[in-house]
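The values are calculated or read from the model by the stated rules, or taken from the named source; none is laboratory data. What you see is a predicted model; the values in this text were computed from it and never measured. Please note: Cβ atoms are built from the backbone with ideal geometry, for glycine as well, and neighbour counts cover all protein chains shown.
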Amino acid sequence: MLKLPTEESINVDWFNTCFANAGLHGKVSDFEAARIGTGQIGKCVRYSFTFAERGDLPDSVVGKFPSDDENSRQTGVALLNFLKEVRFYQELQHRVAINTPRCYFADIVDEGPEFFLLLQDLAPAEQGDQLAGCSPAVASAALQELVGLQAAGWCNESLRELKWLYDADKIALVDTLELYRQTLPGFVERYGPHLAADEVAIIQQVGAAASTPLNAAFPEVFSLVHVDYRLDNLMIRTLGDDTTITAVDWQSLTLGAPMNDVAYFIGAGLEPDVRAPVEERLVRGYYQGLIDAGVGNFSWDDCWLGYRRGAFAGFAVTVIASMLVQRTERGDTMFTTMARRHARHAIDLGSAEFLS
């Protein structure tokens, strides 16, 4: 069995054995390594190869390791981020229709932090830019890819048997709303001065409410949900009028309300003035994709209601994650941007009616 490598131990022999195990032909003679991306839980390294025998080996691949930051590593273990991503590639990737990178190697020690993924290098596709946002055309393509994730497991009870994916007993021990309340004062102190007063108010209103979408019971209509389906976790390639989206970073995958992913993506990825005139059209396009994929017993009214409730999905990710992961300058800008967009999204949709 191929040994789990570290960034320091990985070598030519390891790559050659890995590729042979994956059914590829050829022989690596040397490689160069370069850090890429801005992940807060994991770190990514691009390996570019030279060959003794070219065969059908890729020119380059991307390796993913745990973060060097100890706090981020502990967070990744506590939230099962490392385990979920490895298990996704081991057990679920072949069961969904959403575009994902080919996986050459996936392994983990217990629940981490020691893990390693070796994935297809998706260049020349480019990582989405959370700060810049995206066009309605890119948003539409991303939502159609999301259908490929969610329709495949729509209300599939067998998925609940995967304890790494959704363990009701463990989830009962994690009070998301309470964690939100605990991190909220620090979040408001750090990011509040950069937000409008009504944006801060609705973020605080979630923490003050007894009942919110953040502590709702497991939904009757459920699917696989990415949880962090946003531009920074998508690789985008546009050729003429054709846009290809590939989803990465499967560290938060779970079962839950499907519209949370939809609302989270639109709320995080589009500036409010760009979002407003196209919002319903984007959601209707996603909904039609579900229908075309064979999803039944899900009305447009239920879809839109779930979308409005889903506006709060971004609150938990923004407030809690921002206070638990390694702090960076780009991270501060990103969390400020996300907080502003998600808060404005919930305000625009009148979603405060779901807080009591």
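Can you tell me which residue in region 278-334 is modelled with the lowest pLDDT, limited to those that are charged (D, E, K, R) and more than 23 Å from Pro213 (Cα to Cα)? Walk me through how you get there before you give the answer.
Within region 278-334, the first condition is being charged (D, E, K, R), and the residues that meet it are 279-281, 284, 292, 301-302, 308-309, 327, 329-330, 332.
With the extra rule that they be more than 23 Å from Pro213 (Cα to Cα), the set shrinks to 281, 292, 327, 329-330, 332.
Working: Arg281: 98, Asp292: 97, Arg327: 83, Glu329: 90, Arg330: 86, Asp332: 93.
Once the filter is applied, the top-ranked residue is Arg327.
Applying the criterion of at least 1 residues that are within 27 Å of Leu179 (Cα to Cα), in contact (Cβ under 8 Å) with a residue 12 or more places away in the chain and under 13 Å from the mean Cα position of the chain (by Cα) to the helices (runs of 4 or more DSSP H) found wholly in region 207-302 leaves 258-269.
Screening Asp129 with (1) surrounded by fewer than 19 Cβ atoms within 10 Å (Cβ to Cβ); (2) over 16 Å from the mean Cα position of the chain (by Cα); (3) in a loop (DSSP other than H, G, I, E, B) gives one miss only, at (2). Among the residues of region 264-285, the ones that are within 21 Å of Ala216 (Cβ to Cβ) and either in contact with a Ser or Thr (Cβ under 9 Å, 6 or more places away or on another chain) or not assigned by TED's automatic domain parsing to the domain that holds His345 (or both) come to 1 in all. Looking at Arg160, Arg190, just one residue is surrounded by fewer than 17 Cβ atoms within 10 Å (Cβ to Cβ) and touching a strand residue (DSSP E or B) at 6+ places or on another chain (Cβ under 8 Å), and that residue is Arg160. From the list Arg275, Arg284, the lone residue that is surrounded by fewer than 21 Cβ atoms within 10 Å (Cβ to Cβ) and closer than 18 Å to Val295 by Cβ is Arg284. Phe116 - would you say it is on the phi < 0 side of the Ramachandran plot, among the aromatic types (Phe, Trp, Tyr) and assigned to a helix (DSSP H, G or I)? Spelling it out, it is not the case that Phe116 is on the phi < 0 side of the Ramachandran plot, among the aromatic types (Phe, Trp, Tyr) and assigned to a helix (DSSP H, G or I).
Looking across region 157-169, the residues that are more than 22 Å from Ala263 (Cα to Cα) and in contact (Cβ under 8 Å) with a residue 40 or more places away in the chain come down to Leu159, Arg160, Leu162, Trp164, Ala168.
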